[in-house]
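See below for the structure under consideration.
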Amino acid sequence: DSMLHIVTLREDYEGAKYTSASINTMGKYNCLYGRIEMRAKLPYSKGLWPAFWMMGENFPIVNWPRCGEIDIMESTVNSDPESNGEMRSTLHFQTKGTDEHNCITGWYHLPKGEKFADDFHVYAVEWEKEECRFYFDDTCFHTQPITEDMKDCFFKPHFILINTALSDWNDNERPDDEHTQLPQEYLIDYIRVYQ
């Protein structure tokens with residue numbers, strides 16, 4: 001159907017109870033600044049963590065977070081059955097001249113009763129030297145200036161990653177047999193970079 005399907009399954013694989021996928025462009029494609037966007041329909045179930053993100057091309061040399069990380073979209077579903085989940089966009093970086101990890105996050109919440117899995121949406125960042133602007137469809141919901149102590153992380157090319165992790169940013173939201181409905185699909189219509 002001309003789309004990428006990242007499918008999360010409940011199956012035994014090398015000692016694990018679930019399988020999923022992660023795809024990245026490291027060593028194949030990097031970009032520096034521009035608009036990076038994806039049109040996708042997210043999976044929806046407890047314990048799934050779909051993401052669209054970027055890391056500095058020097059990751060293999062300097063490691064994380066010194067390489068910089070731009071999370072364009074991360075979404076999760078919590079254990080509340082009435083929850084629509086939430087989406088966040090984050091810059092991870094190491095403060096210049098220190099070993100300190102910092103992150104700055106913007107959040108987007110749909111109206112009650114709607115889910116990111118209900119339809120296709122566009123998730124984007126407009127990355128410039130001075131700032132990153134994060135979008136859900138046509139709505140800019142978070143703007144983050146690139147300050148002097150962040151420049152080592154965000155003044156160099158980054159590669160792109162898309163994946164569905166089997167975890168959550170809260171330990172009590174991990175997948176389980178009772179509340180995790182599988183299989184689930186993360187459908188990616190396209191990823192585009194405008195420079």
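The values are calculated or read from the model by the stated rules, or taken from the named source; none is laboratory data. Since the model is a prediction, treat every value here as computed from it, not as a measurement. Note that each Cβ is placed from the backbone with ideal geometry, even for glycine, and that neighbours are counted across all protein chains shown. The accessibility values were calculated without ligands, DNA or RNA, using every heavy atom of the protein model including side chains. Shrake-Rupley method; radii C 1.70, N 1.55, O 1.52, S 1.80 Å.
The residue among Ser75, Pro50, Phe134 whose Cα reaches farthest toward the positive pole of the charge dipole of the chain, with charges on the beta-carbon of Lys, Arg, Asp and Glu, is Phe134.
For the stretch 39-195, the fraction of 1.4 Å probe accessible surface lying on carbon and sulfur atoms is 46 percent. So which residue, out of Ile23, Ile36, Ile72, gets the largest mean-square fluctuation from a GNM of the chain using Cα contacts under 10 Å as springs? Residue with maximal mean-square fluctuation among Ile23, Ile36, Ile72: Ile23. Using every alpha carbon pair in the chain, what percent of pairs falls into each 5 Å bin from 0 up to the bin containing the largest distance? That works out to 1, 8, 16, 20, 19, 17, 12, 6, 2, 0, in percent per bin.
Annotation: amide H of Thr76 within the under-5 Å range of Glu86, sequence separation 5 or more or interchain, hydrogens built in the peptide plane. Whole-Hz Karplus values for the stretch 145-151 come out as x, 8, 8, 4, 7, 9, 5 Hz, taken residue by residue from phi with 6.51 cos²θ - 1.76 cosθ + 1.60 and θ = phi - 60°; glycine and proline positions read x.
Rolling a 1.4 Å probe across the protein heavy atoms gives the chain an accessible surface of 50 Å² per residue.
Within the shell of other residues whose beta carbon sits under 12 angstrom from the beta carbon of His121, the net charge comes to -4, with Lys and Arg scored +1 and Asp and Glu -1.
Electrostatic tally near Pro65: other residues with Cβ closer than 10 Å to its Cβ, Lys and Arg +1, Asp and Glu -1, net -2.
Over the stretch 98-156, the pair-distance histogram of Cα-Cα distances with 5 Å bins from zero comes to 4, 14, 23, 20, 14, 11, 8, 5, 1 percent, rounded to whole numbers.
Stretching Asn58 away from His109 to a fully extended chain increases their span by 15.1 nm, per 0.36 nm per residue minus the current alpha-carbon distance.
Each principal axis of the Cα cloud of the stretch 95-195 was taken in turn, and the coordinate range along them, longest first, works out to 47, 32, 27 Å. Summing charges over neighbours of Leu161, with a neighbour being any other residue whose Cβ is under 15 Å away from its Cβ, gives -4 when K and R count +1 and D and E count -1. Dipole check for the stretch 75-168: with +1 at the C-beta of Lys and Arg, -1 at the C-beta of Asp and Glu, and the Cα centre as origin, the magnitude is about 200 Debye.
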